[in-house]
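The values are calculated or read from the model by the stated rules, or taken from the named source; none is laboratory data. Computed from a predicted model, the values in this text were never measured in an experiment. Cβ atoms come from the backbone with ideal geometry, glycine included; neighbour counts cover every protein chain shown.
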Amino acid sequence: EKDGYDHFMLKEIYQQPEAIKDTYRGRLHANEGLIRMAGVEDNLQRFLNADRILIVACGTSWHAGLVAEYIFEEFTRVPVEVEYASEFRYRNPVIRENDVVIAISQSGETADTLAAIKLAKDHGAFVFGVCNVVGSSISRETHAGAYTHAGPEIGVASTKAFTTQITVLALIALRLAQAKGTVTNSDFHRHLQELELIPEKVEKALETNDVAETIAGIYKDAPNCLYLGRGFNFPVALEGALKLKEISYIHAEGYPAAEMKHGPIALIDEQMPVVVIAQKQEHYDKIVSNIQEIKSRSGKIIAVVTKGDTQVRELADHVIEIPKTVDALSPLLTTIPLQLLSYHIAVMRGCNVDQPRNLAKSVTVE
Ligand code: M6R
């Protein structure tokens, strides 16, 4: 059932082009300039009347929520807050009747997320679920929702669930932006067309496997690792770090690149690998100067760059090239080499990739 792959995780990483297609099939009609999702259309007024959107989730799903925050605010201009379900449920949070709460969960069984949903419903909010497992508790508990259609995810480390969650959330954000008139026609069409090109670009991003394996061989014994990103790719830095720590047991942290100078830069020395997501997009010059700061302290730089990049290449110790896309969708590509990197490091360290110690696929206890 691993289809010739050594691990479910690797199989699931490679399934992403198909999984993303399955996610938008029947929903995205780029040529007609249409996005159709029943769960959204049936509740369009609830979405359009929302003063704000609250996103609740845990772990990787919370990272998808953070990416969604950037996408929703960019396109719909509705304020978004992303909450750890565990903190939200115990904080006595402010929840209003015209809040829309989006709960994200691969398994649909995460105890804290489920409890957060119940709390939001008790306060009269409209709760929308983004789940992978059909018929799961969260999909039943929410008022409406959209499945990710990623297919079964067996590896404990979430991979295709993450990219398909982002796909669903981007579709929702674009549809709402269109309905609200907060996106120009040309931007709307451009993003639909780019979304349709994502699966083939993910294929290209998967071709970084050999480079990722080589880099993994060099840094597999590092005790620590930093991940940096900005904007849409800040959450990808968090996700890259989570992936590394959960399967390889290397201590890793993700940071917004500009936060370096507020503390973590003190950690940098020649022993410290720093993975930087340095796409040729908005704030590129800022990320280049962040890379210079690391370099002048002798940190080892592994940069995920846009194909054709020359500036970062000159500074970095290693570069991983991926195709260009629009900024908002770039997390779908930048995350791929980070999954591969942690996979290979974990394998080289002899770790149980699919079932890391102390972890379960669905966390049904709080
Ligand atoms: O099933 P869920 O998406 O609700 O699970 C949330 C987290 O437990 C999950 O994403 C976890 O962080 C993964 N092991 C990360 O790879």
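In the stretch 313-366, how many residues are within 16 Å of the ligand (Cβ to nearest atom) and not aliphatic (A, V, I, L, M)? Outline the logic, then answer.
As a first pass, look at the stretch 313-366 and keep what is within 16 Å of the ligand (Cβ to nearest atom): 331, 335-336, 338-343, 345-346, 351-366.
Then keep just the ones that are not aliphatic (A, V, I, L, M); that gives 331, 335, 339, 342-343, 351-352, 354-358, 361-362, 364, 366.
Counting residues in the stretch 313-366 that are within 16 Å of the ligand (Cβ to nearest atom) and not aliphatic (A, V, I, L, M) gives 16.
Scanning for something within 13 Å of the ligand (Cβ to nearest atom), assigned to a helix (DSSP H, G or I) and either at pLDDT below 95 or more than 19 Å from residue 177 (Cβ to Cβ) (or both), does the stretch 49-58 turn up at least one residue?
Initially, the stretch 49-58 is screened for residues within 13 Å of the ligand (Cβ to nearest atom), giving 55-58.
Still in the running and assigned to a helix (DSSP H, G or I): none.
No, because not a single residue in the stretch 49-58 is within 13 Å of the ligand (Cβ to nearest atom), assigned to a helix (DSSP H, G or I) and either at pLDDT below 95 or more than 19 Å from residue 177 (Cβ to Cβ) (or both).
What residue, of 72, 47, 88, is among the aromatic types (Phe, Trp, Tyr), buried (at least 21 other Cβ atoms within 10 Å of the Cβ), under 14 Å from residue 128 (Cα atoms) and in contact with a helix residue (DSSP H, G or I) (Cβ under 8 Å, 6 or more places away or on another chain)?
Values: 72 fails: under 14 Å from residue 128 (Cα atoms); 88 fails: under 14 Å from residue 128 (Cα atoms).
None of the others qualify; the one that does is 47.
Being aromatic (Phe, Trp, Tyr) and surrounded by fewer than 22 Cβ atoms within 10 Å (Cβ to Cβ) is the filter here, so list the residues in the stretch 152-208 that pass it. Steps first, please.
Step one: of the stretch 152-208, the residues aromatic (Phe, Trp, Tyr) are 162, 188.
188 - this is the single residue of the stretch 152-208 that is aromatic (Phe, Trp, Tyr) and surrounded by fewer than 22 Cβ atoms within 10 Å (Cβ to Cβ).
In this structure, is residue 114 within 16 Å of the ligand (Cβ to nearest atom), within 30 Å of residue 355 (Cβ to Cβ) and touching a residue at least 40 places away in the same chain (Cβ under 8 Å)? Write out each step before concluding.
Values: within 16 Å of the ligand (Cβ to nearest atom): yes; within 30 Å of residue 355 (Cβ to Cβ): yes; touching a residue at least 40 places away in the same chain (Cβ under 8 Å): no.
Here the answer is no, as residue 114 does not meet what is asked.
Would you mention how many residues in the stretch 103-118 are in contact with a helix residue (DSSP H, G or I) (Cβ under 6 Å, 6 or more places away or on another chain) and crowded, with 21+ Cβ neighbours inside 10 Å? Break it down stepwise before answering.
Taking the stretch 103-118 and keeping what is in contact with a helix residue (DSSP H, G or I) (Cβ under 6 Å, 6 or more places away or on another chain), we get 103-106, 108-109, 112-117.
From the residues that got through so far, the ones that are crowded, with 21+ Cβ neighbours inside 10 Å too are 103-106, 108, 112-114, 116-117.
Residues flagged as in contact with a helix residue (DSSP H, G or I) (Cβ under 6 Å, 6 or more places away or on another chain) and crowded, with 21+ Cβ neighbours inside 10 Å within the stretch 103-118 amount to 10.
For residues that are charged (D, E, K, R), within 22 Å of the chain's Cα centre (by Cα) and in a loop (DSSP other than H, G, I, E, B), scanning just the stretch 280-324, find the one that is farthest from residue 206 (Cα to Cα).
282
Those residues that are more than 9 Å from the ligand (Cβ to nearest atom) and out of contact with any helix residue (DSSP H, G or I) (no Cβ under 6 Å at 6 or more places or on another chain), I need them from the stretch 119-141; list them, please.
Initial filter on the stretch 119-141 (more than 9 Å from the ligand (Cβ to nearest atom)): 119-130, 134-135, 137, 139-141.
Across the stretch 119-141, the qualifying residues are 120, 121, 122, 123, 124, 125, 128, 134, 135, 139, 140.
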